[in-house]
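Enquirer: Below is one structure. I have some questions about it.
The values are calculated or read from the model by the stated rules, or taken from the named source; none is laboratory data. No experiment lies behind these values; they were computed from the predicted model shown. Reconstructed Cβ throughout: ideal geometry from the backbone, glycine too, with neighbour counts over all protein chains shown.
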Amino acid sequence: MIISIASGKGGTGKTTVATNLAVSLGSDVQLLDCDVEEPNAHLFINPVIELNKKVFTPVPQIDEEKCNFCKKCAQICRFRAITVIKETVLTFPELCHSCGGCVEVCPEKAITETGRELGVIEIGHRNGLAFVHGRLRVGEAMSPPLIREVRSHTRSDQLTIIDAPPGTSCPVIAAMKGADFVLMVTEPTPFGLHDLKLAVEAVKLLEIPRGLVINRSDIGNDSVRTYAKMENLPILMEIPFDRRIAEVYSKGKLVVEEMPEWKERFRKLYLHIQEIVG
Amino acid sequence: MKELVVISGKGGTGKTSLMAAFASLAENKVLCDADVDAADLHLLMDPELKERHDFQGGGTAVIDTDRCIECGLCRDLCRWDAISEAFIVDSIECEGCGVCVDFCPEEAIDFPIKTCGEWFISNTRFGPMIHARLGIAEENSGKLVAIVRQEAKKLAEKNKLDLLITDGPPGVGCPVIASVGGASAVLVVAEPTVSGLHDMERVAQLAAHFKVPAMVCVNKFDLNFDQTEAIEKLAKENNIRIVGRVPFDPVFTESMVLGQTVLEYVGNSEIRRSINGIWQNIRNQLTL
């Protein structure tokens with residue numbers, strides 16, 4: 001089973017829920033941190049990293065000896081990553097989406113592909129928990145291909161917990177698509193509600209069953225609960241604002257380890273999800 | 001004209017709440033919400049909509065099954081596995097590269113341009129504002145951010161205003177890159193947690209990569225003094241100007257519930273003094 005943890009708004013507690021849930025469930029669990037722009041789960045898990053590899057995306061490389069400057073490559077590229085000026089071909093690798101259209105269209109076979117570094121993937125473990133995350137190279141714009149690379153390490157014989165990035169656009173979709181369940185984490189504030197609604201619409205589009213965790217559940221107002229009821233979005237857990245939890249988090253520690261009474265609550269959360277997924 | 005972009009790396013550190021507070025202090029400015037995928041500034045600004053414009057993203061492949069001879073070439077060429085065995089394009093997976101469109105021997109693939117969001121010009125009690133809404137699950141957020149910033153500049157020029165305050169998105173990817181390029185300075189709102197420190201470091205690297213001067217303030221600084229000091233130490237080592245600290249206070253949430261900026265809600269308090277001080281430091285940095 002794949003459970004993706006998403007939120008819309010940032011800073012609502014996705015990583016807290018993902019890491020504490022993963023650690024509560026013992027072995028045969030893997031945690032994939034797909035927030036590759038700002039990965040944080042490792043700060044709480046402290047995994048032993050066994051493998052670190054760079055990930056590249058293909059971008060064109062022109063052999064000017066073979067090129068006849070026909071401009072077909074520039075014409076097919078919808079991302080303006082190639083331009084031909086007289087007898088010079090300029091490529092803009094940072095704009096390239098790696099579609100391979102230029103390679104296919106070139107009549108002289110003058111285009112091959114080289115790599116643009118997207119970032120790194122690190123694979124490790126902590127006790128029985130398998131851990132994978134990606135770290136986008138600073139300056140790189142495109143996170144979805146790196147997210148897909150992290151997800152390619154999904155093992156079907158294990159429970160997979162995905163820590164998704166905030167927002168509702170392509171990186172979030174890349175982190176939720178194909179999941180069996182999306183656990184949404186929000187806070188009961190106007191910003192939390194507004195962004196939750198957008199995220200719920202995205203999950204609906206993907207037709208994935210979903211449930212809600214309300215973090216800092218005693219701040220703000222009741223509008224998130226009213227919305228959840230109207231949407232038939234089950235509230236699976238509430239985490240009240242507790243300065244101790246905030247401090248544990250701020251130090252990079254796990255709530256279930258510092259405040260063990262939470263371990264059972266996270267296990268129950270998982271049982272709830274299992275019941276819903278069936 | 002000066003542009004201050006408020007970013008954070010990590011989400012939920014208080015970018016929008018602080019940016020809204022600055023909006024209530026600054027004069028002669030245009031407000032710009034560049035967090036187009038989860039825009040929240042309007043919830044505090046209560047904008048009165050003046051203009052609405054469609055945002056045209058890229059094209060999406062659509063196969064005309066009547067013309068399709070099921071040769072499979074498009075499926076072979078598509079690097080996103082967006083075309084099913086039944087030759088239906090998954091519009092969420094389609095990258096919009098158009099390679100299938102150009103190679104289809106039957107010219108059976110259309111490539112309609114999608115409207116994938118909208119952007120707005122509004123008036124608020126703090127002056128004009130440009131904001132946007134990216135459609136759910138859409139791409140091209142960077143392109144929409146670029147439009148929003150460009151329109152905000154135009155509006156400022158038209159109204160002879162000399163400052164743009166832009167609320168940026170979290171992260172360091174495409175929409176953030178589109179938000180910081182060419183800005184006069186960025187303010188990084190950091191929180192004193194291991195995550196806050198980690199993410200602030202990356203977003204500061206991003207600002208340096210694009211040669212935009214950075215400032216930092218620590219929000220909720222009293223939740224963890226060690227992390228606050230670690231953030232400020234890191235800032236000093238990287239020539240990032242420290243502009244202040246804001247204490248943790250439930251008034252941020254309370255004012256948000258009422259749709260107010262925190263400075264409209266609080267009296268003469270520590271919060272007001274700290275935000276006033278930060279804004280004064282930012283003004284000095286921007287030489288306003």
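Enquirer: Mind checking which residues of segment A:124-139 are of a type in the set (D, E, K, R) and farther than 14 Å from A:Glu38 by Cα?
Expert: Passing the criteria: only A:Arg126.
Enquirer: Being modelled with pLDDT of 95 or more, assigned by TED's automatic domain parsing to the domain that holds B:Ser17 and at positive phi: is that true of B:Gly244 here?
Expert: Yes, satisfied.
Enquirer: With respect to B:Ala185, is the statement that it is surrounded by fewer than 24 Cβ atoms within 10 Å (Cβ to Cβ), among the aliphatic types (A, V, I, L, M), in contact with a helix residue (DSSP H, G or I) (Cβ under 7 Å, 6 or more places away or on another chain) and modelled with pLDDT under 95 true?
Expert: no
Enquirer: For the subset of segment B:112-145 comprising residues that are more than 16 Å from the chain's Cα centre (by Cα), under 24 Å from A:Met142 (Cβ atoms) and surrounded by fewer than 22 Cβ atoms within 10 Å (Cβ to Cβ), which member is farthest from the other protein chains (Cβ to nearest Cβ)?
Expert: Only one residue tops the list, namely B:Thr115.
Enquirer: So, one more: Of the numbered conditions (1) among the β-branched types (Val, Ile, Thr); (2) assigned to a strand (DSSP E or B); (3) surrounded by fewer than 24 Cβ atoms within 10 Å (Cβ to Cβ), A:Val132 fails exactly one; give the number of that condition.
Expert: Unmet for A:Val132, out of (1) among the β-branched types (Val, Ile, Thr); (2) assigned to a strand (DSSP E or B); (3) surrounded by fewer than 24 Cβ atoms within 10 Å (Cβ to Cβ): (3).
Enquirer: While we're here: Step by step: first the residues of segment A:75-103, then only those that are facing another protein chain (nearest Cβ under 7 Å) and free of Cβ contacts under 8 Å to residues at least 24 places away in the same chain, then the one that is surrounded by the fewest Cβ atoms within 10 Å (Cβ to Cβ). Which residue is that?
Expert: A:Arg78
Enquirer: May I ask you to list pairs of residues, at least six apart or on different chains, whose Cβ atoms are under 9 Å apart, with the first in segment B:173-200 being closer than 21 Å to A:Cys34 by Cβ and the second being among the aromatic types (Phe, Trp, Tyr) and at pLDDT 95 or above?
Expert: Between residues of segment B:173-200 that are closer than 21 Å to A:Cys34 by Cβ and residues that are among the aromatic types (Phe, Trp, Tyr) and at pLDDT 95 or above, the close pairs are B:Ile177/B:Phe210; B:Thr193/A:Tyr249; B:Val194/A:Phe44; B:Val194/A:Tyr249; B:Ser195/A:Phe44; B:Ser195/A:Tyr249.
Enquirer: Just checking, how many residues over segment B:154-212 are over 30 Å from A:Lys253 (Cβ atoms) and of a type in the set (Gly, Ala, Ser)?
Expert: 9
Enquirer: Okay, moving on. Quick one: in segment A:167-203, of everything that is among the β-branched types (Val, Ile, Thr) and assigned to a helix (DSSP H, G or I), which residue is nearest to the other protein chains (Cβ to nearest Cβ)?
Expert: A:Ile173
Enquirer: Right, something else. Does segment B:223-239 contain any residue that is among the hydrophobic types (A, V, I, L, M, F, W, C), at pLDDT 95 or above and within 13 Å of B:Ser17 (Cβ to Cβ)?
Expert: no
Enquirer: Another question, then. Does segment A:108-115 contain at least one residue that is more than 8 Å from chain B (Cβ to nearest Cβ), assigned to a loop (DSSP other than H, G, I, E, B), more than 19 Å from B:Glu138 (Cα to Cα) and among the hydrophobic types (A, V, I, L, M, F, W, C)?
Expert: yes
Enquirer: Tell me which residues, restricted to segment A:104-129, are of a type in the set (A, V, I, L, M, F, W, C) and either crowded, with 19+ Cβ neighbours inside 10 Å or under 15 Å from A:Ile76 (Cα atoms) (or both).
Expert: Scanning segment A:104-129 gives A:Val105, A:Cys106, A:Ala110, A:Ile111, A:Leu118, A:Ile121, A:Leu129.
Enquirer: Do you know which residues across segment A:12-43 are among the aliphatic types (A, V, I, L, M), more than 10 Å from chain B (Cβ to nearest Cβ) and buried (at least 24 other Cβ atoms within 10 Å of the Cβ)?
Expert: Of everything in segment A:12-43, those that are among the aliphatic types (A, V, I, L, M), more than 10 Å from chain B (Cβ to nearest Cβ) and buried (at least 24 other Cβ atoms within 10 Å of the Cβ) turn out to be A:Val17, A:Ala18, A:Leu21, A:Ala22, A:Leu31, A:Leu32.
Enquirer: Additional query: With (1) out of contact with any helix residue (DSSP H, G or I) (no Cβ under 6 Å at 6 or more places or on another chain); (2) within 11 Å of chain A (Cβ to nearest Cβ); (3) within 28 Å of A:Pro188 (Cβ to Cβ); (4) of a type outside the set (S, T, N, Q) as the list, and B:Glu270 as the residue in question, which single condition is left unmet?
Expert: It is condition (2) that B:Glu270 fails.
Enquirer: With the requirement that a residue be farther than 22 Å from A:Glu117 by Cβ and either in the same structural domain as A:Leu146 (by TED's automatic domain parsing) or among the aliphatic types (A, V, I, L, M) (or both), what does segment A:68-88 give you?
Expert: Hits for segment A:68-88 are A:Ala74, A:Ile76, A:Val84, A:Ile85.
Enquirer: Given the options A:Glu257, A:Glu238, A:Glu264, name the one that is under 27 Å from A:Ser169 (Cα atoms), charged (D, E, K, R) and in the same structural domain as A:Ala175 (by TED's automatic domain parsing).
Expert: Just one listed residue meets the conditions, A:Glu238.
Enquirer: Within segment B:21-29, is even one residue among the polar types (S, T, N, Q) and crowded, with 24+ Cβ neighbours inside 10 Å?
Expert: No: zero hits.
Enquirer: Out of curiosity, is B:Asp222 assigned by TED's automatic domain parsing to the domain that holds B:Gly9 and closer than 20 Å to B:Ser274 by Cα?
Expert: Here the answer is yes, as B:Asp222 does meet what is asked.
Enquirer: Is it the case that some residue within segment B:215-233 is more than 22 Å from A:Ser169 (Cα to Cα) and within 16 Å of the chain's Cα centre (by Cα)?
Expert: no
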